[in-house]
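**Q** What follows is a structure written as C-alpha cells; I'll ask about it next.
The values are calculated or read from the model by the stated rules, or taken from the named source; none is laboratory data. Being a predicted model, the structure only gives us computed values, none of them experimental. Cβ placement follows ideal geometry from the backbone for every residue including glycine, while neighbour counts extend to all protein chains displayed. Ligands, DNA and RNA are excluded from the accessible area calculation, which covers all protein heavy atoms including side chains. Shrake-Rupley method; radii C 1.70, N 1.55, O 1.52, S 1.80 Å.
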Amino acid sequence: MNGGDEVVATPAGPTLPLEWKFSQVFGERAAGEEVQEVDIISAIEFDKSGDHLATGDRGGRVVLFERTDTKDHGGSRQDLETMDYPLSRHPEFRYKTEFQSHEPEFDYLKSLEIEEKINKIRWCQSANGALFLLSTNDKTIKFWKVQEKKIKKISEMNVDPSKAMGNGCVASSSNSNNPRTYIANGGSLDNSCNHLSDDFTFPSGGISSLRLPVVESCNIIVVADRRKSWVSSHETSLVARCRRVYAHAHDYHINSISNNSDGETFISADDLRINLWNLEISNQSFNIVDVKPANMEDLTEVITSAEFHPMHCNMLAYSSSKGSIRLVDLRQSALCDSHAKLFEEQEAPGSRSFFTEIIASISDIKFSKDGRYILSRDYMTLKLWDINMDSGPVAAFQVHEYLRPKLCDLYENDSIFDKFECCLSGDGLRVATGSYSNLFRVFGCGPGSTEATTLEASKNPMRRQVPTPSRPSRSLGSSLTRVVRRGAESSGVDANGNSFDFTTKLLHLAWHPTENSIACAAANSLYMYYA
C-alpha cells in the first residue's frame, strides 16, 4: 500500500509441479496379448469444449467418447463449482460411438495402394446438437456429421385384427353376415371390399374395432456414407453421416489438416503444398503454399506440419524438415510464396553431423490458445516460440537426450524418423510430448517453473518417476535468454533399472482445452490422466 491509494502487486511465485493420476483406460490389452495393426491409434483430438474426444486408428475407424462427470449433473464445470455437492473425482469419459471413416483404396493411375489409416482428426463448430469433424488419410479428407436421431415407428395396428381388417373396408360383427377371406396385409380377396359401397353408413355409436395408431419414438443410430446405411431400433446410438468428400487435391501424403477460426474454411498440407478449402465446396480448393521446385533434384526441404492461427483467420504457420517455422499472412498474396516471419534456430558452429538435419526436422507444431506462442517438436526437443520474436525459441526442453549416443542405431532401425506430436495446456503454462517405452514428458513453461515430469502410459503413471534436478527456468515475459531444460534424464535406464524399449512409442497425445487432463495413445490403448 502506497499512500493509501495505490496497491503494489507482488510478483506471482512459480507454479507448483502437478501430481498426475490415472483416470481411465480404453482398450487395455492383457499381458502377452498381440496387438492388431489395424487397432493401433493414429490420431487423438479433443473438441473445443473438452466434452468430446475423438480417436482414429490405422484401420480407418473413428471412435468418439463423451464426458460424463459434468453431463450427469447437468451443467458446466464452472456451474458445478458454485453448487453444494462435490465435483466428480476426475474427468470421466465413456464410449459414444464409432464409424468407418476410410477404406483401403488403390490408385490405378499410379499403381499405388492408399492406406485407410487416419492421419489427423479435427473438430469443427457444432450446431443444433450435432457434432462435426474432419478426418483424413493419406489422400482423402472427409467431413462428418454426428447426431442423435429420433425415429418414429407404429407399434400397433389401427384396426383390431381379431375382428375385421381391410384396406378401405370396415367390418364389424353387427354387419358382417358373409364370411370373407382376408390376406396377411389386411386386404380382402373379395373385390366388393376394395372400396366403400354407396349405401354404406357408419353406425350411430361409431365403430368399436377402429383404433388410432400408437406411435413410439426411439433413439437409434444410422451410420451412413454414400454406399450403405442401416437402422437399428434396438439400441441408443448416434448418426454418423459423411457430408462431403474432399479428394484428388494432393499428389503427396497429407500430413496435416487445420480448421480456420472463421468456421468456414480449413487447410490441408502434404509434403510440398498447402491447400485452402471451403467446408461447403468439395470439388475445388486453392493452392496457397507451393514449395515444389521446377526441378525435383533441387528439393531441399518438405512441409511437415501446418496449422491455422486460433484467432486470426488470415494467419497460419507451417514447419519444415529443416527445423524452421514460417508464419504466413493470407492477405499478402493469393499464393504465399513469401512468409511474413521465419522462426529458426541457428546451428552452433562445429556441431553439425550426419544426423543434424534429420533430428532437426519438426514433426508437429501447435499454437497456444491465445495464439501468442508456437510449440514445435523435433526428434530430440520441444521448443516454444514467441510469434513476436523470431531470433530464436524462448524455451527449449530436451525430451530424451540420452538417445543422442544411440542415433546411429536409431537410424538403422528407422526409429529416428518417428513423428512425435506435442500439445499445450489451455492456460499455456505447461507443454507435453511423448517418448519411447510408452513414456511422455510434461514441462512447465510458466514464470520460474522447473517442472519436468516423466510419466508412463499405464495405470501407475508415476512408476518410472526419477528425481528432477532443480534448474531455474525463465519467465516467458522476462529476458530473451533462452532456456534449455533437461529435466529427469538417465543413460538409457529408468529409476527401476528397466531398459528403455524403442519399439513401444507414445506418438499421439492431446491436452484437455480447459483442464489439466491428458489423453494419450499407447498402441491400441487410450489412457487418460488428470492432475
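**Q** Tyr318 versus (1) touching a Pro at 6+ places or on another chain (Cβ under 8 Å); (2) under 16 Å from Asp271 (Cβ atoms): which is the lone unmet condition?
**A** (1)
Yes/no per residue for (1) within 30 Å of Glu515 (Cβ to Cβ); (2) in contact with a Phe, Trp or Tyr (Cβ under 7 Å, 6 or more places away or on another chain):
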{"site": "Ala360", "(1), (2)": "no, no"}
{"site": "Ser363", "(1), (2)": "yes, yes"}
{"site": "Lys369", "(1), (2)": "yes, no"}
{"site": "Arg377", "(1), (2)": "yes, yes"}
{"site": "Met380", "(1), (2)": "yes, no"}
{"site": "Pro393", "(1), (2)": "yes, yes"}
{"site": "Gln398", "(1), (2)": "yes, no"}
{"site": "Lys406", "(1), (2)": "no, no"}
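**Q** While we're here: Residue under question is Ala360, and the condition is that it be open to solvent by less than 10 Å² (accessible area, probe 1.4 Å), of a type in the set (Gly, Ala, Ser) and over 21 Å from Phe308 (Cα atoms); does it hold?
**A** Values: open to solvent by less than 10 Å² (accessible area, probe 1.4 Å): no; of a type in the set (Gly, Ala, Ser): yes; over 21 Å from Phe308 (Cα atoms): yes.
No: the conditions fail for Ala360.
**Q** Touching a strand residue (DSSP E or B) at 6+ places or on another chain (Cβ under 8 Å), modelled with pLDDT of 95 or more, buried (at least 22 other Cβ atoms within 10 Å of the Cβ) and among the acidic types (Asp, Glu): does that describe Asp386?
**A** No: the conditions fail for Asp386.
**Q** Another question, then. Scan region 46-57 residue by residue and report those that are among the charged types (D, E, K, R) and crowded, with 20+ Cβ neighbours inside 10 Å. Even if it seems obvious, please write down each step before you answer.
**A** Residues of region 46-57 that are among the charged types (D, E, K, R), as a first pass: 47-48, 51, 57.
Asp47, Asp51, Asp57 - these are the residues of region 46-57 that are among the charged types (D, E, K, R) and crowded, with 20+ Cβ neighbours inside 10 Å.
**Q** Looking at (1) assigned to a strand (DSSP E or B); (2) open to solvent by 40 Å² or more (accessible area, probe 1.4 Å); (3) aliphatic (A, V, I, L, M), find the lone condition where Leu375 falls short.
**A** Just one mismatch for Leu375, condition (2).
**Q** Let me ask another. Can you find a residue in region 407-420 that is at pLDDT below 95, in a loop (DSSP other than H, G, I, E, B), surrounded by fewer than 17 Cβ atoms within 10 Å (Cβ to Cβ) and over 24 Å from the mean Cα position of the chain (by Cα)?
**A** Checked against the condition, which is being at pLDDT below 95, in a loop (DSSP other than H, G, I, E, B), surrounded by fewer than 17 Cβ atoms within 10 Å (Cβ to Cβ) and over 24 Å from the mean Cα position of the chain (by Cα), region 407-420 yields at least one hit.
**Q** Among the numbered criteria (1) in contact with a Phe, Trp or Tyr (Cβ under 9 Å, 6 or more places away or on another chain); (2) open to solvent by 30 Å² or more (accessible area, probe 1.4 Å); (3) of a type outside the set (A, V, I, L, M), which single criterion is violated by Tyr108?
**A** Against the list (1) in contact with a Phe, Trp or Tyr (Cβ under 9 Å, 6 or more places away or on another chain); (2) open to solvent by 30 Å² or more (accessible area, probe 1.4 Å); (3) of a type outside the set (A, V, I, L, M), Tyr108 comes up short only on (1).
**Q** Another one. If you take the residues in region 517-531 that are of a type in the set (Gly, Ala, Ser) and part of a strand (DSSP E or B), which one is farthest from Asp427 (Cα to Cα)?
**A** Looking at residues that are of a type in the set (Gly, Ala, Ser) and part of a strand (DSSP E or B), I get Ser525.
**Q** Okay, next question. Hey, which of the strands (runs of 3 or more DSSP E) in region 124-170, taking only ones fully inside, have at least 2 residues that are open to solvent by less than 20 Å² (accessible area, probe 1.4 Å), at pLDDT 90 or above and among the hydrophobic types (A, V, I, L, M, F, W, C)?
**A** Passing ranges, in order: 131-136, 141-147.
**Q** Filtering region 260-301 down to residues that are surrounded by fewer than 18 Cβ atoms within 10 Å (Cβ to Cβ) and of a type in the set (Val, Ile, Thr), which residue is nearest to Ala247 (Cα to Cα)?
**A** Among them, the one singled out is Ile281.
**Q** Filter region 107-123 for residues that are more than 22 Å from Ser258 (Cα to Cα) and either touching a strand residue (DSSP E or B) at 6+ places or on another chain (Cβ under 8 Å) or assigned to a strand (DSSP E or B) (or both) and give the result.
**A** Asp107, Leu112, Glu113
Matching residues to (1) surrounded by 15 or more Cβ atoms within 10 Å (Cβ to Cβ); (2) at pLDDT 85 or above; (3) of a type in the set (Ser, Thr, Tyr):
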residue	(1), (2), (3)
Thr433	yes, yes, yes
Ser437	yes, yes, yes
Phe443	yes, yes, no
Asn460	no, no, no
Arg471	no, no, no
Arg482	yes, no, no
Phe500	yes, no, no
Ile518	yes, yes, no
Ser525	yes, yes, yes
